[in-house]
1. Can you tell me which residues in the stretch 454-482 are in a helix (DSSP H, G or I) and among the small types (Gly, Ala, Ser)?
2. Taking the conditions exactly as written (touching a residue at least 24 places away in the same chain (Cβ under 8 Å) and not in a strand (DSSP E or B)), does GLU184 satisfy them or not?
3. Please enumerate the residues belonging to the stretch 466-502 that are more than 17 Å from GLU522 (Cα to Cα) and in contact (Cβ under 8 Å) with a residue 60 or more places away in the chain.
4. Kindly evaluate PHE194 against the criterion of being closer than 29 Å to ARG291 by Cβ and either under 18 Å from the mean Cα position of the chain (by Cα) or surrounded by fewer than 19 Cβ atoms within 10 Å (Cβ to Cβ) (or both).
5. Condition test on LEU235, is it surrounded by fewer than 19 Cβ atoms within 10 Å (Cβ to Cβ) and hydrophobic (A, V, I, L, M, F, W, C)?
6. Exactly one of (1) crowded, with 19+ Cβ neighbours inside 10 Å; (2) over 16 Å from ALA306 (Cα atoms) is unmet by THR227. Its number?
7. List every residue pair whose Cβ atoms lie under 6 Å apart, where the two residues are 6 or more positions apart in sequence or sit on different chains, the first residue falls within the stretch 163-176 and is in contact (Cβ under 8 Å) with a residue 24 or more places away in the chain and at positive phi, and the second residue, located anywhere, is part of a loop (DSSP other than H, G, I, E, B) and surrounded by fewer than 17 Cβ atoms within 10 Å (Cβ to Cβ).
8. Filter the stretch 185-232 down to the residues that are within 18 Å of GLY252 (Cβ to Cβ) and out of contact with any strand residue (DSSP E or B) (no Cβ under 9 Å at 6 or more places or on another chain) and list them by number.
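Laboratory data are not the source of any read-out in this text; all were calculated from the coordinates shown. Computed from a prediction, not measured in an experiment: that's the story for all the values here. Neighbour counts are summed over all protein chains in view; Cβ atoms, including those assigned to glycine, are modelled from backbone coordinates with ideal geometry.
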Amino acid sequence: MVERPASVVKELVENSLDAGATRVTVRIEDGGRRLVEVIDDGHGLRPDQLRLALGRHATSKITSAEDLFRVSTLGFRGEALPSIAAVSEFEIASRTHDADGGQRLAWAGADERGGGACAMAPGTRISVRNLFWNVPARLKFLKSEASESGHIAEQVTRFALSHPHVAFRLECDGRTTLDLPPQEELEGRVRALFGTEIGGDLAAIATGDPGMEITGFAAHPRHARPTSKRQYVFLNGRFVRDKLLLAAVRDGYKGFLEPRLNGTVFLHLDVDPAAVDVNVHPTKHEVRFRRDGEVFALVSRALQAALTETQGGFRLLTAEDRAKAIAASPIVSRTVVKPALPPPVQPTVVVQERFVPVAPLPADPPRPPPSAPLPRAAEPPVAFAAPSRPVDDSFPSSVRRVLQLNDMFLLIETEQGIRLVDQHALHEKALWQALDASVGDLNRTGVQQLAVPIVVQLTAAELGAIIPLLSDLARHGIEAERFGPSSVAIRAHPTVLTRCNWARFLADLASDGTQAVERLSERIRHSAACHAAVKAGQRLDPSQQRELVRMLFTLEGLEHCPHGRPTTLDLTWAELAKRFQR
């Protein structure tokens, strides 16, 4: 029941929402170890109910055994408050809306520590101090302050998405991390939490069958992630991680995403409580449906229809479709817009010969007035050649011709046969090698100081995961710092990461479940190289094709990408002749 401070937040906020609260404030100190406090403006408890609420299995949310088969509240077992009070210094104060004042009651472990009348606004305030003070074995296994704060922020994010009409506020060590006013629609809450980059890229979903209704949004496939942590699915207002529903989401994105990626969704399922059992898992994250096949089909069809029919081109089945969709869809406004700069004087970057040189991109075009709509540009061209050496326009002598296939592969004709090259995998491995060698000797690859920092908006949970890694990022030439309540500013990065998608890089780094410090360098290199490399579906001009071919024939160790997949496929003329039985 009480695994970590985030578990306390979950149970207390559920009680607040069940009490009809319209405003919930969560305050924590030291990642929730020293303090977790939840304040709401709900119905409140009468003085004679306070002591009863701390009894085992005491609940006012069900009145008969039959109610267990049609549970409509978030909590109903009556286990949360006594379990929390048993492992903390606990205080509850509450006032009903028709009372003149409030009443408080304090506990420590299993002992009552007094109480009495108190002045307070209508609602309930619960303070949990020194969590696990009497269970040192449990206290020892808590993570860092930033990690525990991140888990709490994720819990508040889930509640904010499941109840957009409720105002939420999260304060960490006296600093406001989240301040979310009530919203009439889910879309407004998504924008407030995830920024306009995702909030302006949503496909609306509204469908249903008798006894079942689905509403919400599916984000454009460009916002996919390696993990499913950005799949927010709610059943009757309750956040769930049910395997059936997650499988239905994957099926709905089939044909729009690579199999290894997961779409970003915000789905609300309203189902007859009698048709679903929410009491099959201690955390209620897994459920059991009476008609699971129909639920799976409805969720999958709803996603497929929304992604296919949404204006802006969500159908990404081919490389040509992807390019048209990116060019045609409206611009997504961002929190920070990089101002236009005059063309810079090309610097000379000293690059060791085995590294992959990447030149800075051309300056941004002049920015139109803020009121004017901005057209979405196609994928910027890739500049491979460093300005410190002349560009070689010729292929290696053994290469006869090069052809790009489906904007994903290069077909290279040589004297010995043909070579098929995965353009993304090859470039990713070359960048990974440069980053691998650059650790501890960044002067050889170069670090680019930014006149205007790149500001990346993150969720509160992602920010909590990134803050402890800032020193490790700096060791790799990525100078970043916290910027405001929910953003990180990139002030410098290795030159080879000129094209890195920093928003996705930081989000992926935050969502990586691997916590081992010794693997952080590998995680950073893999993610940074992947986001900086050319993409599958990106058309390359002849000079860019030549540079990839040059990398292939001059750099060593490019046979496999950092993930272990092959980068090339070779067929000799003899093998081709044999295939045609010549």
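1. The answer is ALA460, ALA461, GLY464, ALA465, SER471, ALA474.
2. no
3. ILE467, PRO485, SER486, SER487, THR495, THR498, ARG499
4. Answer is no for this residue.
5. Taking the combined requirement at face value, the residue does not satisfy it.
6. So the condition that THR227 fails would be (1).
7. Matching pairs, first to second residue: none at all.
8. Across the stretch 185-232, the qualifying residues are ASP209, ARG222, HIS223.
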